[in-house]
Amino acid sequence: MTNTNLLKLNLGPQHPSTHGVLRLILELDGEKIVSCKPDVGYLHRGMEKMAERLSYVQYYPTVDRIDYLAGFFYSELFCEIIEKALNVELSERVKAIRVLLLELNRIASHLLWIGAYLMDLGAVSPFFYTFRERELILKYFEKITGQRMMNNYFIFGGVRRDIFDIEDVEEFLEILKTKIKDYERIIDSNPIFLQRTKGKGVLEQNVALNGAITGVNLRASGVNLDFRTKHKLYEGYEFTPIVSEGKDCYTRYRARVLELNESSKLIKQAIEKLKQNSALNQTLIQPIGLKLPAGEFYSEIEAPRGLASCYVKSDGENKPYRLKWRTGSYYAVNLLRKLLKGTYLNDAIAIAGSLDIILPEVDK
Amino acid sequence: MNIIEFKNLFGESELFGEKIIMKSDIAKSLQFLKENYGYNILKEIIAIDNRDDIELSYRLYSPDDDEDVIITTFVKGEAESVSKIFDSAVADEKEIFDLFGIKFTCNDELERLYMPEGWKGHPLRKNYEENDERLKWND
């Protein structure tokens with residue numbers, strides 16, 4: 001077959017199942033994908049350039065827009081940089097508050113993914129079910145932080161104010177437990193869903209490692225790597241990273257559902273810690289006129305979409321000399337070149353969706 | 001892996017803080033670390049414009065040892081691609097080409113990533129001037 005017979009197809013950037021503005025340039029031979037070239041940058045906001053212009057406190061409100069579904073993680077990364085640079089230790093209660101909110105955020109993010117993924121595959125109602133539960137989390141965020149999504153709640157050296165109404169979270173966890181069973185009943189026994197995901201988009205271990213894929217996608221390929229196990233905030237917490245061997249889209253879906261349970265466990269432990277430590281005890285850093293000592297600082301965390309990290313080089317001024325974000329989705333988009341090659345067009349959406357790509361994180 | 005051990009293997013390298021500074025042979029040393037010491041994830045490549053030259057830092061990670069190692073090199077205009085060794089480097093190198101203008105040899109996927117086709121200059125360079133006419137639409 002010569003190249004002239006190939007059909008070039010633009011998937012996106014406005015396609016609803018690309019979760020933002022991802023454009024995939026596919027070359028098709030019949031229905032088979034011969035090559036895939038991702039085109040990104042439609043949502044580029046110059047996050048790294050912006051950092052070099054603004055002081056730390058001016059820049060801080062923008063960081064949770066890198067991934068609007070998991071904003072707390074990026075706030076945490078940026079605060080961690082400042083805290084590391086100025087050697088500020090967090091109190092037990094502040095740590096517990098952060099873990100509680102991070103894990104709630106992870107649940108919210110995974111819930112949205114489950115709904116949106118099922119919608120990609122043509123099932124409309126799960127979207128409403130998962131959004132119903134996610135709404136409870138967002139309501140709680142609104143109560144605590146004043147915002148539903150871009151919370152800006154962690155501040156340098158602590159949190160903006162103390163947390164309250166923990167009963168809401170406990171109540172939510174009870175609701176979620178029963179709802180997860182409902183999701184499993186409605187989704188896991190659906191023959192259409194199973195046919196479209198089982199054995200599709202197989203991601204081999206070495207391909208995943210080579211492509212710097214982290215997070216749920218890597219663990220679903222059988223690698224036990226969860227950066228929470230070595231993170232300072234999660235010290236003293238017990239949980240088991242979900243490692244499964246299936247490597248296909250279905251395994252990645254199952255891994256995310258199982259992670260909901262693990263996150264619930266972590267939240268329960270955080271609530272226990274909150275009950276033990278009632279004093280907030282935080283040493284806040286004065287953000288106005290804040291200068292970091294010259295040097296290089298690095299922080300990383302396991303975000304819902306894989307390893308996220310922040311690197312800052314400071315030359316002693318009130319602005320970073322260079323700031324770099326690492327996000328999980330960026331490498332997942334890069335992986336699509338390999339993963340979609342040789343598959344059929346009607347599987348492309350199922351495979352691309354299963355990697356949980358979000359575009360603001362890619363475009364930065 | 002012990003950094004001293006690495007230094008013994010690659011004589012020309014220099015220890016600086018937690019980084020290993022290499023003068024050349026980036027691809028060869030990365031491949032060596034990957035094959036012999038299990039550093040099989042390239043977490044990211046960080047580029048920094050030091051005004052005189054561009055600093056490239058390769059942050060490698062070994063899942064077995066749970067350890068990072070950073071290999072640093074200084075380049076001007078052109079650098080050796082490691083995309084044949086780590087597939088993720090294709091993405092990093094594309095980004096560095098777009099934002100810093102470093103050309104990676106043997107990476108045939110280099111093109112504008114975030115910036116539109118035909119954009120002048122590379123935004124994260126310290127000598128970047130915002131003189132593109134498209135920025136003046138509001139005047």
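The values are calculated or read from the model by the stated rules, or taken from the named source; none is laboratory data. Quick caveat, the model's predicted, so the values are computed rather than measured. In this analysis, Cβ positions are derived from the backbone assuming ideal geometry, glycine residues included, and neighbour counts consider all displayed protein chains. Note: areas computed on protein heavy atoms with side chains; ligands, DNA, RNA excluded. Shrake-Rupley method; radii C 1.70, N 1.55, O 1.52, S 1.80 Å.
Below 11 angstrom from the Cβ of residue A:252, what's the summed charge of the other residues (Lys, Arg +1; Asp, Glu -1)?
After counting each charged neighbour, the total is +2.
Most fluctuating residue of A:62, A:214, A:283 in a GNM of chain A with Cα springs under 10 Å: which is it?
In this elastic network of chain A, the residue with the biggest mean-square fluctuation among A:62, A:214, A:283 is A:283.
Indicate the residues belonging to the stretch A:298-323 that lose 30 Å² or more of solvent-accessible heavy-atom surface (probe 1.4 Å) upon moving from the chain alone to the assembly of all protein chains, ignoring ligands and nucleic acids.
A:298, A:311, A:313, A:321, A:322
Quick one: what does P(r) look like for the stretch A:186-288 with 5 Å bins over all Cα pairs, in whole %?
Per 5 Å bin, starting at zero, the Cα-Cα P(r) for the stretch A:186-288 comes out as 2, 11, 16, 17, 14, 12, 9, 7, 5, 4, 2, 0 percent.
Along each of its three principal axes, how wide is the spread of alpha-carbon positions in the protein assembly as shown, in whole angstrom units, largest first?
Here the Cα extents, ordered largest to smallest, are 64, 59, 58 Å.
When only DSSP loop residues count, what trypsin sites (Lys or Arg not before Pro) in the stretch A:117-150 have their Cβ near at most 15 other Cβ atoms within 10 Å?
A:148
When only C-alpha pairs under 8 Å and at least 6 residues apart count, what is the relative contact order of the stretch A:46-325, in percent?
That works out to 28 percent.
Counting only other residues whose beta carbon sits under 9 Å from that of residue A:343, what net charge do I get with K and R as +1, D and E as -1?
Every neighbour counted, the sum reads +2.
Summed for both chains, how many Å² of accessible area, to the nearest 100, are buried between A and B with a 1.4 Å probe? List each step's numbers first, then the result.
On the way: alone 15510 and 8410 Å², together 20670 Å².
That pair of chains buries around 3200 Å² in total.
Return the subset of A:230/A:324; A:37/B:94; A:291/A:364 for which the Cα-Cα distance in this structure is over 19 Å, preserving the input order.
A:230/A:324; A:291/A:364
Using helices alone, what [θ] at 222 nm do you get for the protein assembly as shown, with -39,500 (n - 2.57) per DSSP H run of 4 or more residues, divided over all residues and rounded to the nearest 500?
Result for the protein assembly as shown, helices only: -13000 deg cm²/dmol.
Can you tell me the convex hull volume per residue for the stretch A:105-186, based on C-alpha atoms, in Å³ to the nearest whole number?
Normalising the Cα hull of the stretch A:105-186 by residue number yields 92 Å³.
With a 1.4 Å probe and all protein chains kept in place, how much accessible area does residue B:126 have, in Å² rounded to the nearest 10?
Surface accessible to solvent at residue B:126 totals approximately 70 Å².
Heads up, I need the accessible area for residue B:108: 1.4 angstrom probe, whole protein in place, Å², nearest 10.
My reading of the accessible area for residue B:108 is about 140 Å².
Not counting ligands, DNA or RNA, and with a 1.4 Å probe, what is residue B:117's accessible surface area in Å² rounded to the nearest 10?
Surface accessible to solvent at residue B:117 totals approximately 140 Å².
Need one number: the % of Cα-Cα pairs in the stretch A:216-364 sitting beyond the 28 Å mark. Write down the numbers at each step before the final one.
Details: 4213 of 11026 pairs.
More than 28 Å apart: 38 percent of the Cα pairs in the stretch A:216-364.
Work through the residues other than residue A:361 whose Cβ is under 9 Å from its Cβ and net out their charges, Lys, Arg +1 and Asp, Glu -1.
0
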